[in-house]
Number of protein chains: 2
Amino acid sequence: MPKITFFNLPEDKRENLVHAAKKEFARVPLYQASISNIIKDAKIPRGSFYQYFDDKEDAFFYLLNSHVSAYKMYFLETLQKNNGDIFDAMIDFYTAIITEERENLQFLRNLFLNMTHRIENVMARSFGENDLNENFRKISNLINKERLNMQDEQELFHMMQIISSVTFHNIVKKFAGELPFDEAVHNYSTEIYLLKKGFASI
Amino acid sequence: MPKITFFNLPEDKRENLVHAAKKEFARVPLYQASISNIIKDAKIPRGSFYQYFDDKEDAFFYLLNSHVSAYKMYFLETLQKNNGDIFDAMIDFYTAIITEERENLQFLRNLFLNMTHRIENVMARSFGENDLNENFRKISNLINKERLNMQDEQELFHMMQIISSVTFHNIVKKFAGELPFDEAVHNYSTEIYLLKKGFASI
DNA sequence: ATTGACGTGTGACACGATGTCATATACAAT
DNA sequence: ATTGTATATGACATCGTGTCACACGTCAAT
């Protein structure tokens, strides 16, 4: 977490710094980003940066968290809009991610192509994974389970794990392969379809 | 790829260097590894390192590739041993990965907890993903398709994509969560079972 | 008005890591 | 011996990080 001094900053100065950081993390992934670039761009002295953040990662995860919070809300809305159909909702959500604009897109690209477990964890936490935690319950309640083959909450949990693995992987593929939009959506839809249908007659 | 001089090295010196590198990459993930540590451990001067490798990554991917080649062979054997049952084979394979020993285990741990797309690509290439390439065909030929619901090679390809996404993710979870062996296998088996069964009545 | 306490701003600096380069060395071929 | 080619070496320039001693500004107490 950023230090108190960061939040005490006058709004314009803070936003300026945030923008500089975002720009750097859109340019290159976390481990290649340089504080020097951020402070040069934000026109603040080196010492000040460390007045606000512990280090590079601190700034990065601050940005990441705000992104994730936004997506989390968007996901819940999408799920409702699709009347609890998790599969249709996922496809909507997937297309939204890969349709992001410029700087956001670059940020996401660097994010997904360099998806460390630590980063994935931050994302998944809000996406309803991890434990049978509050987030998972919130999502679980919105899901229409009528046509689902899930026996209990455990299975539902694992189903969500699988769906998110597959979704992450498809996003990575899209960003890495520079696939055209249509092809990316088609691939993802195919995989979602296969997940619904199942792989084998048991 | 390492330079020719590396391969021209007398075997003992080369193995010594390889071992030092392996040790460093078992200690910390790629982006935190330091060449200084490797050369100190291998007792070679700095300049020599650059005689053999382009940089840190070059050394890392050399090691990674040899690991991957071994696993690739092991996977094919496992698939045969299970008479083409891809699901049982995956569970065998999964348990083999998480049962690795000491230095290998640490290397794998750092690998999976910091799975960049570039790294994943190297791994997946040999695991039969990516294109409908030679590797995929080799695996495809070994798979018993009798009880599979796959309509064509395309669907089979996507099925393999999904399986590998889920497998990767389970390995990461295991390494990150320090799950006990039994629990990890149980989780993975559940997810494989759900994949076979399918999520929904369409 | 002066003092002191506190939060904040600043940039010089020590440290450590990287990649290069000029020079040294080994060894083979003539 | 001489020349050529491949390899070895470590000092060095460069760059990025995190720290620290000091400067500054504000505000409340005197």
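The values are calculated or read from the model by the stated rules, or taken from the named source; none is laboratory data. All figures in this text were calculated on a predicted structure; none of them were measured in a lab. FYI the Cβ positions are ideal-geometry reconstructions off the backbone, even for glycines, and counts take in every protein chain you see.
Quick look at the values:
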{"read-out": "Residues satisfying the stated conditions in the range B:161-178, i.e. more than 10 Å from chain A (Cβ to nearest Cβ) and more than 14 Å from the chain's Cα centre (by Cα)", "value": "B:K174, B:E178"}
{"read-out": "Members of the range B:42-67 found to be at pLDDT below 95 and crowded, with 17+ Cβ neighbours inside 10 Å, listed by number", "value": "B:H67"}
{"read-out": "Pick from the range A:65-79, criterion touching a helix residue (DSSP H, G or I) at 6+ places or on another chain (Cβ under 6 Å) and touching a residue at least 24 places away in the same chain (Cβ under 8 Å), ranking: farthest from DNA strand D (Cβ to nearest atom)", "value": "A:L79"}
{"read-out": "Single unsatisfied condition, B:S48 versus (1) over 19 Å from B:K138 (Cβ atoms); (2) more than 16 Å from DNA strand D (Cβ to nearest atom); (3) touching a helix residue (DSSP H, G or I) at 6+ places or on another chain (Cβ under 8 Å); (4) among the polar types (S, T, N, Q)", "value": "(2)"}
{"read-out": "Breaking point among (1) more than 17 Å from B:L195 (Cα to Cα); (2) within 8 Å of chain B (Cβ to nearest Cβ); (3) surrounded by fewer than 16 Cβ atoms within 10 Å (Cβ to Cβ), for A:N133", "value": "(2)"}
{"read-out": "Scan of the range A:10-37 for residues that are more than 29 Å from B:S34 (Cβ to Cβ) and either small (G, A, S) or within 14 Å of DNA strand D (Cβ to nearest atom) (or both), ordered by number", "value": "A:P10"}
{"read-out": "Looking only at the range B:10-49, and only at residues there that are within 14 Å of chain A (Cβ to nearest Cβ) and not in a helix (DSSP H, G or I), the one that is farthest from DNA strand C (Cβ to nearest atom)", "value": "B:P29"}
{"read-out": "Top-ranked residue of the range A:105-115 - restricted to ones that are in contact (Cβ under 8 Å) with a residue 12 or more places away in the chain and more than 11 Å from the chain's Cα centre (by Cα), ranked as surrounded by the most Cβ atoms within 10 Å (Cβ to Cβ)", "value": "A:N114"}
{"read-out": "Tally of residues being in a loop (DSSP other than H, G, I, E, B) and either within 24 Å of A:Y31 (Cα to Cα) or in the same structural domain as B:A21 (by TED's automatic domain parsing) (or both) across the range B:94-125", "value": "3"}
{"read-out": "Count of residues meeting criterion [within 16 Å of DNA strand C (Cβ to nearest atom), assigned to a helix (DSSP H, G or I) and under 26 Å from B:H117 (Cα atoms)] in the range B:50-93", "value": "10"}
{"read-out": "Matching residues, the range A:155-189, being closer than 21 Å to A:L79 by Cβ and surrounded by fewer than 19 Cβ atoms within 10 Å (Cβ to Cβ)", "value": "A:E155, A:V185, A:S189"}
{"read-out": "Residues being at pLDDT below 95 and within 23 Å of the chain's Cα centre (by Cα) - total across the range A:179-202", "value": "1"}
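The rows are residues; the columns are (1) within 11 Å of chain A (Cβ to nearest Cβ); (2) surrounded by 15 or more Cβ atoms within 10 Å (Cβ to Cβ).
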| residue | (1), (2) |
| --- | --- |
| B:D88 | no, yes |
| B:F93 | no, yes |
| B:I97 | no, yes |
| B:N149 | yes, yes |
| B:E153 | no, no |
